[in-house]
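Written below as structure tokens is the structure these notes are about.
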Amino acid sequence: MRSRHLPTPAPDSTHANEPVRAADRSDHTDAPRVTPPSVDSAPSRPTRPAERADAASPLAPHGRERRHLLSCMAWAGTGMLWTIRAGIPTSMLIESAHAAEADPNAFSFVQISDSHIGFSKEPNLDPTSTLEQAIDAIKAAPRKPAFMIHTGDISHLSKPGELDTAEQIIRSAGLDVHYVPGEHDVLVDDGQTYLDRFAPKAPHGWYSFDQNGVHFIGLVNVMNLKSGGLGLLGDAQLDWLRRDLETRTSSTPIVVFAHIPLWTVYPDWGWGTDDGAQALGYLKRFGSVTVLNGHIHQVAQKVEGSMRFYTAMSTAFPQPAPGTAPSPGPMKVPADQLRSLLGIRSIEYVPGNATLAVVDTRLSTL
């Protein structure tokens, strides 16, 4: 796939790739709020006349009714390129990674999520193609990332053939990959097939590693998951996490990644982790904590003290915004609009400046 570089819009632009700065948004608080999925418009920006047709969309009314649900939530991307600069993890467009300032301590990594290889229903009969498109975008990045993380649901039914296909596509990026499982990856044999393949050095699936002074922690919160129930870390994993963090100084940047959000997004749909607050309690003393999750197939953002929370969108299919449907699950959209609901979100933080610059780019435009 040919990569094209996206222009940086002017501050007063209403282009679909407009940066939305947190300091300029009256809704950027810790109070929950949701921006609904929208096919033709980017979130959190003025609506152009050409986009007012969205008001007739079945997706639009849900957002107007439930804007109080999630803080800084937006429909965005299948792949996010993260850059660590001055110890601060920030996300940015894969294609504009070359714009990062040269820094000997800087590095980038990629997050993808919810590939669901083996899924074969509407709205995506061929999730391998959208995964391939996301990987192609990563390969086209002008600067090679240090590694990739996959935040779970690699497969749809835990079948060896599904895992084979996903692994082959992801491996083509030529990067080291760090995985955590989703509930769809551990449907059989208590997840042993997943563990043997993707976590051979981590007998329980959780682990940590360091990169250029940043401490990464992969957690598992999908074992013994009940339908519609919250994720669970369990006492053994929490004790391991406490001990893993004990030797780290509070100035150590921390990046935590797991499948189900560690913060409570929408408990009625199981979008949260039952004992996540205990894990987050261990992290509060650190000055820079970034928590990356998947599962809900849409990008949600939340800032709480020194902790920044981000969920990634699926490379397979969208799900409805919280509470806007009877239950979660694949959200049917017209085939020619699917890639308009998949895209890339850029978030850049400049050390010393608390303003977050957010740019959304639809996968269909790449």
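The values are calculated or read from the model by the stated rules, or taken from the named source; none is laboratory data. All of these numbers come straight from a predicted model, not from anything done at the bench. Just so you know, the surface numbers come from the protein's heavy atoms only, side chains and all, with ligands and any DNA or RNA stripped out. Shrake-Rupley method; radii C 1.70, N 1.55, O 1.52, S 1.80 Å.
Things worth noting here:
- Using the Cα coordinates of the range 106-239, the gyration tensor eigenvalues translate into equivalent-ellipsoid semi-axes of 23, 22, 12 Å, sorted from longest to shortest.
- With 5 Å bins from 0: P(r) over the range 164-225, alpha-carbon pairs, percent: 4, 16, 25, 23, 20, 9, 3, 0
- Sulfur and carbon atoms: percent of accessible area, the range 168-319 [1.4 Å]: 47 percent
- Take the range 236-297 with all the other protein chains still there, run a 1.4 Å probe, and you get 34 Å² of accessible area per residue.
- Principal axes of the range 233-303: Cα extent on each, largest first, Å: 36, 25, 14
- Here the contact order of the range 182-288, divided by its residue count and restricted to Cα pairs under 8 Å and six or more residues apart, works out to 26 percent.
- Cross-link reach list, lysines versus Lys121, counting only Cα pairs under 22 Å and skipping chain neighbours closer than eight places: Lys159, Lys332
- Reference-scaled alpha-carbon Rg (2.2 N^0.38 Å with N residues) for the range 182-324: 1.03
- For Lys284, the lysines whose Cα comes closer than 22 Å to its Cα, not counting residues fewer than 8 places off in the same chain, are Lys302.
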